[in-house]
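Down below is the structure, laid out as structure tokens.
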Amino acid sequence: AYFFKLSAFQDQLLDFYKKNKKWIIPSEKMEEIISFVKSGLKDLCISRSKKDLLWGIDFPNDSNHVIYVWADALNNYITAIGYLKKNKIDEFDSTWPADLQIMGKDILRFHAIYWPAFLMASDLELPKKLLVHGWILVNNQKMSKSLGNVIDPNYILEKYGLDKCRYFLTRHFSITQDCI
């Protein structure tokens, strides 16, 4: 297995959080992340053996391993806008760092700990702000494709129209809390 030396970034991350107290919205999520990082970071396994995982991107110089999903997925934010591509340097420079990254509360640690450490290791700026949204709950469970409790947004739009849907969502849903 291959590891990213996440533990080496603990102090740098804590220093960043201290200097950027409003980096994560809502503020209680920032407190949660600081507490987790203060408890001690362990190095992060960023590969899986192909015998255990039959799909994925081959690890550089080792075709017996694939890159673990968060190590490649998070980097898509910058590679999609031209990071390290000579013909896309202007696009990357004009769009990074992101002004705002929006994520569900269940993937906050990946975006507030691993992703910043990856960026720090690459000498790249961090996103300017993270917005953490809650879930839409159905029968007290997260709305999820895997649970099969989703609603087709196209059906709702066709039935009620865009303006009514927008009004309903902004009137009845708090972006930083779970909603019923």
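So what's the gap between the Cα centers of the range 44-114 and the range 130-175, to the nearest angstrom? Cα centroid to Cα centroid, the span is 28 Å. Among the trypsin sites (Lys or Arg not before Pro) in the range 1-107, those placed in a DSSP loop whose Cβ has at most 16 other Cβ atoms within 10 Å are Lys5, Lys21, Lys22, Lys42, Lys50, Lys51, Lys85.
A Gaussian network model of the chain, with springs between Cα atoms under 10 Å, assigns the largest mean-square fluctuation among Tyr68, Tyr167, Tyr83 to Tyr167. Projecting the Cα atoms of Tyr155, Thr176, Asn140 onto the dipole axis of the range 129-180, where Lys and Arg carry +1 and Asp and Glu carry -1 at the beta carbon, places Thr176 farthest toward the positive end.
Pairs exceeding 25 Å between alpha-carbon atoms, taken from Lys21/Lys85; Lys5/Lys38; Lys18/Lys105; Lys18/Lys129: Lys21/Lys85. Classify the range 13-118 as rounded, prolate or oblate, taking a ≥ b ≥ c as the square roots of the eigenvalues of its Cα gyration tensor: rounded when a/c is under 1.5, otherwise prolate if a/b is larger than b/c and oblate if not. It is oblate, given that a/c is not under 1.5 and a/b is not larger than b/c.
Among Phe118, Phe16, Phe168, the largest mean-square fluctuation in a Gaussian network model of the chain (Cα springs under 10 Å) belongs to Phe168. Helix 27-38 sits at what angle to the longest principal axis of the chain, using alpha carbons and giving 0 to 90 degrees rounded to 10? That works out to roughly 30 degrees. Which net charge results for the neighbourhood of Trp135, defined as the other residues with beta-carbon distances under 15 angstrom from its beta-carbon, given Lys and Arg at +1 and Asp and Glu at -1? Net of charged neighbours comes to +2. The accessible surface of the chain, taken with every protein chain in place and a 1.4 Å probe, is 54 percent carbon and sulfur.
When both bridge partners sit in the chain, DSSP labels roughly 55% of those beta bridges antiparallel. Computed over protein heavy atoms with a 1.4 Å probe, the accessible surface of the chain works out to 67 Å² per residue.
The values are calculated or read from the model by the stated rules, or taken from the named source; none is laboratory data. Everything numeric in this text was worked out from a predicted model, so none of it was measured. Neighbour counts are summed over all protein chains in view; Cβ atoms, including those assigned to glycine, are modelled from backbone coordinates with ideal geometry. Heads up: the accessible areas ignore ligands, DNA and RNA and are worked out on the full protein's heavy atoms, side chains in. Shrake-Rupley method; radii C 1.70, N 1.55, O 1.52, S 1.80 Å.
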